[in-house]
Amino acid sequence: METGERMRRSLILPRSSCQPMPKSDELIETLAAYAHAAWSRRMRYLFEASATSSDGYVTIPKTLADRWKRQMETEYADLPETEKKSDIIEATRIVRVFCEAGLLE
């Protein structure tokens, strides 16, 4: 097995119980593409919400920085319903990836 493939599988598939499925490499690539797209959406939002100075420094507004710090320290179950919405949207996108891969109906 190629080193990169071995590393990917060791990161994702527990040795004790999970066996690679047919198409698992395809699924990993699809999920990696999804993860990159999700990260890109977050970064785009971050940069659009922030101020860029003439020397190129980017400053996150304090209100957003405070909110994001609070959210990252809060378990999902403890978030207000209004703040759970974006996580539900992300989860729905992930389920769509599995459906399109034929792993869910």
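The values are calculated or read from the model by the stated rules, or taken from the named source; none is laboratory data. Remember, it's a predicted structure, so these values are computed and weren't measured experimentally. Every residue, glycine as well, gets a Cβ built from its backbone with ideal geometry; the counts of neighbours run over all protein chains shown.
Let's see how each residue does on (1) of a type outside the set (A, V, I, L, M, F, W, C); (2) surrounded by 12 or more Cβ atoms within 10 Å (Cβ to Cβ); (3) in contact with a strand residue (DSSP E or B) (Cβ under 7 Å, 6 or more places away or on another chain):
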residue	(1), (2), (3)
Thr63	yes, no, no
Asp87	yes, yes, no
Ala91	no, yes, no
Ala101	no, yes, no
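Checking Pro20 against (1) in a loop (DSSP other than H, G, I, E, B); (2) out of contact with any Lys or Arg (no Cβ under 7 Å at 6 or more places or on another chain); (3) at pLDDT below 95: exactly one of these is not met. Which one?
Among (1) in a loop (DSSP other than H, G, I, E, B); (2) out of contact with any Lys or Arg (no Cβ under 7 Å at 6 or more places or on another chain); (3) at pLDDT below 95, the lone unmet condition for Pro20 is (2).
Go through the range 41-56 and give me each residue that's outside any helix (DSSP H, G or I) and either among the small types (Gly, Ala, Ser) or touching a residue at least 40 places away in the same chain (Cβ under 8 Å) (or both).
Across the range 41-56, the qualifying residues are Ser50, Ala51, Ser53, Ser54, Gly56.
For the range 75-102, name all the residues that are within 17 Å of the chain's Cα centre (by Cα) and not in a helix (DSSP H, G or I). Steps first, please.
First pass over the range 75-102, keeping only residues within 17 Å of the chain's Cα centre (by Cα): 75-76, 83-98.
Result: Glu75, single match.
Residue-by-condition table, conditions (1) of a type outside the set (Val, Ile, Thr); (2) modelled with pLDDT of 95 or more:
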| position | (1), (2) |
| --- | --- |
| Trp39 | yes, yes |
| Tyr45 | yes, yes |
| Thr59 | no, yes |
| Ser86 | yes, no |
| Ala91 | yes, no |
| Gly102 | yes, no |
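Only one of these conditions is not met by Arg15: (1) of a type in the set (Lys, Arg); (2) at pLDDT 95 or above; (3) not in a helix (DSSP H, G or I). Which number is it?
That leaves (2) as the condition not met.
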